[in-house]
Amino acid sequence: MKECLGYFKITPGTGIKGPAPCHCPYCGHSGDQNTFWTQEQLDYARSVVIRKVTDVLHQDLKSLESDHRPKPGSFGIGISLTVKPGTPHPIKYYREKQLETEVVCDSCTLRYAIYGVFGWYPDCGVRNSIQILTKNLELAKKELALADSVDREPAETTSV
């Protein structure tokens, strides 16, 4: 969905086999997989197209170059056309973001990666509330165990 613009990646070949709609893991919007592009990806594609079109246009203009001089000994006007090379249109490169969380859907086995908190699986569109709760509980248990181990360590004494 245009308003969401959440960033996620899916691993091809995992999840539902065959044509299926894709679901935004952040807002739940559903659509064809080829409709989920980041602004950076669109800017890159647009810059590549503009570069290719301007390069072809430059080549076409270059083929029209001419130098027509008047015949020797006669009065006339000469016409010439020279196309000078310009600065090529810049390509807006981008880097894939380092993603925080890699997830495998419990329902359809799609492997994907996202930033932060999300609510839907991209392939099957199922809400992932139970999986998020489970992951948060696992994290809380690890934090409690770490805090307990720190509390049990004997305090160091220093002598003066």
Testing Y26 on (1) modelled with pLDDT of 85 or more; (2) surrounded by 13 or more Cβ atoms within 10 Å (Cβ to Cβ), one condition comes back false. Which one is that?
(1)
Given the conditions (1) over 23 Å from W120 (Cα atoms); (2) touching a strand residue (DSSP E or B) at 6+ places or on another chain (Cβ under 8 Å); (3) surrounded by 11 or more Cβ atoms within 10 Å (Cβ to Cβ), every one holds for S80 apart from (3)
Considering only residues that are among the small types (G, A, S) and closer than 17 Å to K9 by Cβ, which ones fall in segment 29-44?
G31
May I ask you to say which residue of I77, I16, I91 is in contact with a helix residue (DSSP H, G or I) (Cβ under 7 Å, 6 or more places away or on another chain) and either more than 30 Å from N136 (Cα to Cα) or touching a residue at least 12 places away in the same chain (Cβ under 8 Å) (or both)?
I91
Residues of segment 1-13 satisfying the condition of being free of Cβ contacts under 8 Å to residues at least 60 places away in the same chain and in contact with a Phe, Trp or Tyr (Cβ under 7 Å, 6 or more places away or on another chain)
C4
Matching residues, segment 13-62, being under 26 Å from Y112 (Cβ atoms), within 17 Å of the chain's Cα centre (by Cα) and of a type in the set (S, T, N, Q)
Q33, N34, T35, T38, Q39, Q41
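The values are calculated or read from the model by the stated rules, or taken from the named source; none is laboratory data. The structure presented is a predicted model; accordingly, all values stated were derived computationally and were not measured. All Cβ positions, even for glycine, are placed from backbone atoms using ideal geometry, and neighbour counts span all protein chains on display.
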